[in-house]
Structure formats: C-alpha cells, structure tokens
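Engineer: Structure in structure tokens, see below.
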Amino acid sequence: MAQQTPLFRELNADDADPETTEIESCCMNCYENGTTRLLLTKIPFYKEVVLMSFSCESCGFANNEIQSGGEIEAKGCRMTLVVKNTSDLNRRIVKSDFTSVKIVEVDFEIPAQSQRGEVTTLEGIIDRAVQGLEQDQPVRRIDHPESAKQIDDFVESLKALKLVESPFNIVFEDISGNCFIENPSAPQTDSGCVTTHFVRTKEQDHLLGIYEQEPEKSSVLQPIAEDSWPLEELHGEVLSFPTLCHECKAPCETNMKVTSIPHFKDVVIMATNCDACGSRTNEVKSGGGIEDKGVKFEIAIQDREDMSRDVLKSDNCSLSIPELDCYVGPSALAGRFTTVEGILEAMKDQLTSQGAVFRDSEDVQTKNRMDIFLNQLDEIKSGERNVTLILDDPSGNSYVQALTDDGSLDERLKISKYTRTYEQNDELGINDMKTENY
C-alpha cells in the first residue's frame with residue numbers, strides 16, 4: 001500500500017517539484033482555452049491555502065489568486081479595535097473575502113466580498129480605501145464637481161486618521177470566522193481589541209455555501225427505538241468514523257468513546273491519528289447539554305499536588321493567569337481532559353510550535369517578551385512561582401478535581417456559578433432567551 005501524503009503540503013527548498021494540478025479552462029480575455037494551475041499548500045503559523053495561476057498562450061493574459069483552503073469556523077467573529085497611537089497602525093491583519101470593515105468615527109464601511117482576502121496592516125487598509133476613492137476622481141471632477149469635492153473632503157478625513165490625533169474604533173466582522181488581528185502585547189491580553197463570536201443566521205450560512213441537508217425519505221429507513229442503545233453499552237463501545245486531518249486535510253479516522261468522570265458527568269473522548277502527516281489529536285466533548293449556569297474555577301497553584309489535579313476543559317472554556325496578565329480564549333486549546341500541569345504544557349507547546357501568526361518577522365522586543373513568558377510558565381511548573389489559574393466556562397461543562405473527596409473544604413479551589421449574560425447565550429447558540437431577562 002502506497003504511503004499517504006498530506007493534501008496540503010508545506011513548501012520547502014528541497015521540494016523541487018511541488019505537486020500541482022493543471023486544468024484546461026476558458027480565458028476571460030479572449031475566450032480561448034488556457035491553463036489553470038492549482039497548488040495546495042500551507043502558510044506557516046496560519047492555515048491551508050490554494051494558490052491559483054492562470055495563463056493563456058493565445059493572448060498572453062495571466063492571473064494569480066489565493067484562496068483559503070481551510071474549514072469555515074463554526075461561528076462568525078467580530079473584532080473591535082481601539083486605535084490609540086500610530087503604532088496600532090502597524091498591526092498586521094488577516095482578512096478573508098467575507099470580512100467587512102467599519103471605521104465608526106467617520107461612518108465608513110468596506111462591505112464584505114467587495115475586496116479579496118489579504119494579509120495587510122491597519123494602515124494598508126486605510127491606504128487601499130483612499131486609493132479606491134481617488135481612482136476616478138480626475139473624471140469625476142469634470143463631470144460631477146460637487147460629488148468630487150465631497151469625496152476629496154472625505155479622503156482627507158481618512159488620511160487624518162493615520163495621524164491618530166484622537167482614538168478611533170475600527171470593527172472587523174467576518175461571518176466565516178477567518179479574521180485575525182495581531183496582538184503586539186502577546187502573550188499578554190490585548191487591551192485594545194475585543195473579540196466576540198456569534199452564531200450565523202441561515203442566510204449567512206447560505207452565503208458561505210453551507211446548506212442543511214434534507215433528510216432522505218425512504219420506507220427502508222426506520223427510526224431507532226428508544227433505549228435500543230443503553231448508555232451502559234456505549235461506555236464499552238469504541239466507535240469510528242471517517243474524517244479529515246485538521247493539519248493536512250488527508251482522509252483519516254476518528255475513534256470515539258463515551259466514558260464517565262468521577263464526581264462529574266459522562267463525556268465523549270475523540271482521538272484522531274493521521275497516517276499522512278503523523279498528527280495526533282485528542283478532544284473531549286461534554287456528554288450532556290449546556291448547563292443552566294456558567295461555572296468559574298480559581299485554582300491556587302502552590303505545589304506539585306495542585307499541578308496533578310484533573311481538569312476537564314470544554315470547547316467554551318477560557319483560561320487566564322492574572323499574575324502573568326495572560327488570557328487564553330476558549331478555542332485556543334480546544335476541549336481536553338488533562339491535569340493542571342498538562343494545561344500549562346499545552347499552552348507552552350502551542351506558543352513554541354505554532355506561535356504567533358508572524359513569529360518569523362517579530363521584532364526583538366516581542367521575541368524577548370515571549371521568551372520571558374515561556375520562562376515564567378516553566379517557573380510555575382517547577383514550583384518556583386505561585387499563581388492562580390482561572391477557568392471560566394459559560395456552558396458549565398468544565399470540571400476541576402478537588403483534593404478532598406470526603407466533602408471537606410478545598411481551600412485552594414474556589415468554584416462559583418453564575419447566570420450567563422445575553423451575549424454569552426448568543427455565543428453558545430442559545431437564542432431563545434429574552435433580552436430583558438439580563
């Protein structure tokens with residue numbers, strides 16, 4: 001059996017003959033047949049992309065494009081950035097075709113799908129908007145001088161934004177969820193940017209090409225009788241289903257098993273091994289629905305005993321270490337069942353193996369700050385630094401093991417439950433709540 005190769009391969013100097021696909025296609029310039037070449041590859045520290053190159057021998061027309069080859073995120077994202085100084089204009093930004101950009105103070109908006117996806121900076125976005133508005137101004141000044149004057153005045157207001165004489169807000173909204181704003185303070189919390197996620201509407205799903213499949217009507221298919229698969233039987237059963245590797249998108253299989261965590265609830269453990277690229281992932285999903293209230297755990301890490309606590313982190317659980325001004329969003333580490341030490345190790349692995357999107361081009365100051373943070377994580381693991389690890393899960397599906405099983409108080413573990421806000425319900429997809437209840 002031939003060895004599988006990753007569907008999306010990383011380019012390197014030793015790969016003299018990258019695997020390309022050639023397709024005969026119509027030239028949009030002369031309508032003769034030309035050739036389109038496709039290359040599936042990965043941008044380091046970002047995601048999978050499809051490089052497309054078209055050339056026509058008849059008229060010489062050529063065109064190059066890049067499109068995302070990764071999966072559409074489960075939720076859309078909305079990022080609000082407060083630009084406080086000129087250094088914020090240098091923030092690097094990844095925006096997809098479905099990203100809309102709005103500058104609140106000047107009431108200016110770039111609609112989604114009006115521009116191709118790109119990797120740029122905040123200053124680059126403003127400059128591109130200025131270039132677009134000035135493109136037809138010479139003709140407009142002759143034919144419509146009043147409109148041209150209004151556009152000139154508005155262009156000056158956009159250019160004035162780059163001086164940052166006063167703070168202004170810029171909002172990025174992407175229904176595909178594939179938008180990114182660089183955090184210059186990483187790994188510390190980005191105080192100037194607020195990110196929220198939202199559940200897409202059916203119309204937005206259709207715009208992305210996501211449609212719900214209608215159930216097939218067949219007399220052969222019969223509904224499964226209630227209690228035909230008791231939970232006791234599922235506990236001992238390992239189920240497998242085909243899927244795609246999250247790293248290289250090659251076909252592979254995921255194994256799934258239901259198990260029970262003592263003093264908590266049933267969970268579903270999923271393990272994926274890819275023969276093509278060697279990637280291995282383990283994820284944990286809650287076996288029950290969303291709880292009535294959210295839950296917050298505050299763990300005082302003081303010795304090795306605290307590091308050995310069992311931790312179940314759900315997909316919706318965020319992590320923070322106040323002493324290090326560190327915040328990790330809910331989607332960063334996915335759902336997992338591990339220990340406190342395993343959580344810290346996973347944070348370090350993600351920073352060192354994947355790092356920031358632009359790790360190779362970071363300045364010396366940013367790299368030094370990252371190295372200091374990694375050393376601080378090592379100090380916590382070795383017991384040289386006492387900190388508080390906070391797990392905040394609005395879905396209520398996370399768990400931290402108490403060191404006392406006899407019901408006595410665990411002084412180093414504080415557990416509190418809270419009522420979710422309307423915005424948190426919206427992020428969890430609970431849309432039947434009334435706004436006035438919050």
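Engineer: Please list, or write none, the lysines whose alpha carbon is within less than 24 Å of the alpha carbon of Lys162, excluding same-chain residues fewer than 8 places away.
Structural biologist: Straight-line reach from Lys162, under 24 Å: Lys84, Lys95, Lys102, Lys149.
Engineer: Separate question: For a quick check of understanding: with a 1.4 angstrom probe and all protein chains in place, what accessible area in square angstrom does Asp127 have, to the nearest ten?
Structural biologist: The accessible area of Asp127 comes to roughly 50 Å².
Engineer: Rounded to the nearest 0.05, what FRET efficiency do Val119 and Val164 have when you use their Cβ-Cβ distance and R0 = 22 Å?
Structural biologist: Using R0 = 22 Å, I get an efficiency of 0.50.
Engineer: In the range 375-431, which GluC sites (Glu not before Pro) fall in coil by DSSP and have 11 or fewer other Cβ atoms within 10 Å?
Structural biologist: Answer in residue order: Glu384, Glu411.
Engineer: Here is a further query. How much of Ser191 can a 1.4 Å solvent probe reach, expressed as accessible area in Å² and rounded to 10?
Structural biologist: Rounded to the nearest 10, that gives 100 Å².
Engineer: Could you work out the local net charge near Ala271, counting Lys and Arg as +1, Asp and Glu as -1, over the other residues with Cβ closer than 13 Å to its Cβ?
Structural biologist: +2
Engineer: Express in Å², to the nearest 10, the accessible area of Met28 obtained by rolling a 1.4 Å probe over the protein heavy atoms while all chains stay in place.
Structural biologist: 130
Engineer: Round to the nearest 0.05 the FRET efficiency obtained for Asp136 and Asp325 when R0 = 51 Å and r is the Cβ-Cβ distance.
Structural biologist: Once the sixth-power term is evaluated, E becomes 0.60.
Engineer: For the range 108-189, what does the alpha-carbon gyration tensor say about shape, rounded, prolate or oblate, given a ≥ b ≥ c as the root eigenvalues, a/c under 1.5 as rounded, and a/b over b/c as prolate?
Structural biologist: Here the range 108-189 falls in the prolate category.
Engineer: What number comes out for accessible area per residue over the range 79-189 if the probe is 1.4 Å? Units Å², please.
Structural biologist: Result: 51 Å² of accessible area for each residue.
Engineer: Once the piece of chain linking Asn29 and Glu71 is laid out straight, how much longer is it, given 0.36 nm per residue of separation minus the C-alpha distance between them?
Structural biologist: Fully extending the segment from Asn29 to Glu71 adds 11.9 nm.
Engineer: Can you list residues whose amide H is under 5 Å from Gly76's amide H, if they're 5+ apart or on another chain and H is modeled 1.01 Å from N?
Structural biologist: Amide H to amide H, under 5 Å and 5 or more residues apart or across chains, Gly76 pairs with Phe198, Arg200.
The values are calculated or read from the model by the stated rules, or taken from the named source; none is laboratory data. Keep in mind that this is a model prediction, so the values were computed, not measured. Here the Cβ is made from the backbone with ideal geometry for all residues, glycine too, and neighbour counts use every protein chain on show. These accessible areas exclude ligands, DNA and RNA; they are computed on the full protein's heavy atoms, side chains included. Shrake-Rupley method; radii C 1.70, N 1.55, O 1.52, S 1.80 Å.
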